[in-house]
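K.L.:
Pasting a structure here, questions to come.
Read the figures in this text as sums done on the coordinates, not as results from a lab. Here the structure is a predicted model, which means the values were calculated and not measured. Backbone-built Cβ (ideal geometry, glycine too); neighbour counts: all protein chains shown.
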Amino acid sequence: MRSISLGSIWLIMAATGFILAGTGCNKSDKKGDPQARSNPKSEKGDGKTDTLHSSWWCAEHGVPEEICSVCMSPASAKKKYKDNGDWCSIHNRAQSQCFKCEPSLYKKYEDMYVAKYGKTPERPPEEEFKK
Ligand SMILES: [Zn+2]
Ligand SMILES: [Zn+2]
């Protein structure tokens, strides 16, 4: 008698626990996921350029991130550009990336983006093209 009733109780508890855990899991999944995704967006504060702000493209400066002379460390920029005479000391970036001095330079990097993604990137802020 005892063993049967204990077994039944255990089964009911297990079943109830399983169902509760199951629904709890589903709820937290549905609620937690969008929150986890939206939080980094709001922290960055650039929700509209989020799809373009991949790790590959620097939307702010209109060049691929890995060669962005503004975003890379000063030491890297010096080694990669400054030491090769490719430097705009007025705007503190590679001369070949200085759209402030030469706005038409942006076309070259835009083409790199188009070649990779098949669409044009969002143009950097107009300040990037002003002297
Ligand atoms: Zn940059
Ligand atoms: Zn310049």
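K.L.:
If amide hydrogens are placed 1.01 Å from N in the peptide plane, which non-local residues have theirs closer than 5 Å to the one on Cys58?
P.N.:
Hits under the 5 Å cutoff: Val63, Glu65.
K.L.:
Pop a pseudo-label 7 angstrom from the Cα along the beta-carbon direction at both Cys101 and Lys130 and give the gap in nm to one decimal.
P.N.:
Label at Cys101, label at Lys130, 2.1 nm between them.
K.L.:
Using unit Cβ charges (K, R positive; D, E negative) and no other charged atoms, how large, in debye to the nearest 20, is the dipole of segment 85-131 about its Cα centre?
P.N.:
Dipole about the Cα centre, nearest 20: 40 debye.
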